[in-house]
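Take a look at the structure below.
The values are calculated or read from the model by the stated rules, or taken from the named source; none is laboratory data. Quick caveat, the model's predicted, so the values are computed rather than measured. Ideal geometry is used to build each Cβ from the backbone, glycine not excepted, and the neighbour counts take in all protein chains shown. The accessibility values were calculated without ligands, DNA or RNA, using every heavy atom of the protein model including side chains. Shrake-Rupley method; radii C 1.70, N 1.55, O 1.52, S 1.80 Å.
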Amino acid sequence: MSMNHQIDCHVLTMPTDSPEWSRELRTDLDGEPVNQFWIEGIPGKLGAARAAGYQQGSAPFLSYADPDDRVTPGIYTQLLDLLLAHPNAPFAWAGEQVVNEALEPIMPANTWSGYHPASHKKRANHVHGVMLYRRSLVEPQLEKLMHCGIPAEHMLSMAIAQPWEGRPRECWPVHLPLVGRLWRWHGQNYHRRCRPQDVDNMAQLLGFKSFMELVYGTRNQH
């Protein structure tokens, strides 16, 4: 397995993971232009585990995959091409298909129609699926990320894109309107445990008093 790719991709593992599903994901990633880092998760501390994952390797672009999901062939090549074509975009992302344990679709595919800052503030699923970040933008956010819980990916994407700042359109994230991952929904999905206080904590890490202020209000001036 080559470690000379431009993308470092980490996978957080837990003792409860299905070995079969992990093998399937590993096979998917073996076919992608990514350096794989499989590391142990930290129970109850997703942000801290993600921060450790993003510190793996030294490639200029970063991503993650979850061991219960599947990655569609060629998606990383397309995301990398998209980011290289948009040098001011902070990250690129592809859509996803929610599936059951047998990989059968259980709702329409989420491929969405592009980026908008107002949607990004409100909904994690607006920038969900397969993410490809620039390492140079992720590293300054790792200290903050370490203190975030379940909404860690939403927080990182917002910390990088800063959708409250009114940035010019060429500085917005870019979207690949394709299914990049098959997101398995099952009884142990971590996102189901997210509580309102987790979302408020995320907003406070970003410098707002609450999630409501983040979405509808003004920046908290420190």
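If you take every DSSP beta bridge fully contained in the range 90-219, what fraction is antiparallel? Give it as a percent rounded to 5. Could the numbers behind the result be given before it?
Numbers: 6 of 14 bridges.
Counting only bridges with both partners in the range 90-219, antiparallel ones make up about 45 percent.
Applying 1/(1 + (r/R0)^6) with r as the Cβ-Cβ distance of residue 40 and residue 77 and R0 = 30 angstrom yields a FRET efficiency of 0.55. Here the chain carries DSSP beta bridges of which approximately 35% are antiparallel, counting only pairs with both residues inside. Peptides 53-63, 137-147 ranked from most to least packed give 53-63, 137-147, packing being the mean of other C-beta atoms within 10 angstrom over each peptide's residues. For the chain, a crude dipole built from +1 on the beta carbon of Lys and Arg and -1 on the beta carbon of Asp and Glu, taken about the Cα centre, is about 780 debye to the nearest 20. Toward the positive end of the charge dipole of the chain, with +1 on the Cβ of Lys and Arg and -1 on the Cβ of Asp and Glu, the farthest Cα among 161, 210, 171 is that of 210.
Sort the following peptides by mean Cβ neighbour count (other Cβ atoms within 10 Å, averaged over residues), highest first: 14-21, 83-90, 119-126.
Numbers: 14-21: 11.8, 83-90: 15.1, 119-126: 17.2.
Peptide ranking by packing, descending: 119-126, 83-90, 14-21.
Per atom type, the chain shows carbon and sulfur on 53% of its accessible surface, probed at 1.4 Å.
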